[in-house]
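Student: First the structure, which I've put down as structure tokens, then a few questions once you've had a look.
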Amino acid sequence: MDVSELLIEAYDRLPDLVRAAVDGLTPDQLRQAPAPGANTIGWLVWHLTRIQDDHVADVMGAEQVWVTGDWAARFALPADTRDTGYGYTAAQVAAVRPESVQVLVDYYEAVHARTRQFLAGLGPAELDRVVDEAWDPPVTLGVRLVSVVEDDLQHVGQAAYVRGLLGVG
């Protein structure tokens, strides 16, 4: 297995997990926090998608999927490419209002398709390219891609957990 296939294997696990976390939920369930100040399923899935969209677009030198369609309006949010949900307050989490399960799935699948296409063309030497010098040590492409999939897996797991807390099977 080459590095591209390995990364694709990891990222390809996410679409089914995203769909399972949101399948059959109503817009109200997507927006329901399991406790005061806790993250909602809608926010968790939106945020994991925004992180992947932002970080992969950056390493590709491409525009984010978020601004290539009407995604922001479908979440009742501004089309700000810097807004990924990082550091959100409870009020900001509550303001993320996906219109439906389908918009969460569609946005994730659009981001995943672009990510997968990018990963398919990667070779081992490219993973050593420094993509962020703001850290010590500087972040390479390989480290960034692993960080994104790890963050996404944590958040989709949290969404599945919240689904259980809400009593949705």
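Student: Given the Cα-Cα distance of residue 76 and residue 19 and 0.36 nm per residue of separation, how much length would full extension add, in nm? Could the numbers behind the result be given before it?
Tutor: Working: separation 57, 0.36 × 57 = 20.52 nm, distance 2.09 nm.
Result: 18.4 nm gained on full extension.
Student: Using θ = phi - 60° and the Karplus form 6.51 cos²θ - 1.76 cosθ + 1.60, what ³J(HN,Hα) does each residue of the range 20-37 get, whole Hz, x for Gly and Pro?
Tutor: Result, ordered by residue: 5, 5, 10, 3, x, 7, 8, x, 5, 5, 4, 9, 8, 7, x, 7, x, x Hz.
Student: Cα atoms only, the range 76-131: Rg and Dmax in Å?
Tutor: Calculated on Cα positions, Rg and Dmax stand at 15.7, 43 Å.
Student: Leaving ligands, DNA and RNA out of it, report the carbon-plus-sulfur percent of the accessible area of the chain at a 1.4 Å probe.
Tutor: Roughly 54 percent, rounded to a whole number.
Student: Amide H neighbours of residue 132 under 5 Å, at least 5 residues apart or on other chains, H built in the peptide plane: list them.
Tutor: Under 5 Å from the amide H of residue 132: 139.
Student: Next question. Quick one: accessible area per residue over the chain, 1.4 Å probe, rounded to a whole number of Å²?
Tutor: Solvent-accessible surface per residue comes out at 50 Å².
Student: Let me understand the chain better: what is its radius of gyration from the alpha carbons, and its Dmax, in angstrom?
Tutor: Answer for the chain, Rg first and Dmax second: 16.0, 47 Å.
Student: Which angle between 0 and 90 degrees, to the nearest 10, do you get for helix 41-60 versus the longest principal axis of the chain when only C-alpha atoms count?
Tutor: 20 degrees
Student: State, to one decimal in nm, how far the label point of residue 166 lies from the label point of residue 99, with both points 7 Å from Cα in the Cβ direction.
Tutor: Label at residue 166, label at residue 99, 1.9 nm between them.
Student: Based on the Cα gyration tensor of the range 16-108, what are the three equivalent ellipsoid semi-axes, each the root of five times an eigenvalue, rounded to whole Å and given largest first? All intermediate terms of the calculation are to be shown ahead of the outcome.
Tutor: Working: eigenvalues 88, 44, 28 Å².
For the range 16-108, the semi-axes come out at 21, 15, 12 Å.
The values are calculated or read from the model by the stated rules, or taken from the named source; none is laboratory data. Quantities reported herein were computed from a predicted structural model and do not represent experimental measurements. As a convention, Cβ positions derive from the backbone with ideal geometry for all residues, glycine included, and neighbour counts pool all protein chains shown. Surface accessibility is based on the protein's heavy atoms, side chains included, excluding ligands, DNA and RNA. Shrake-Rupley method; radii C 1.70, N 1.55, O 1.52, S 1.80 Å.
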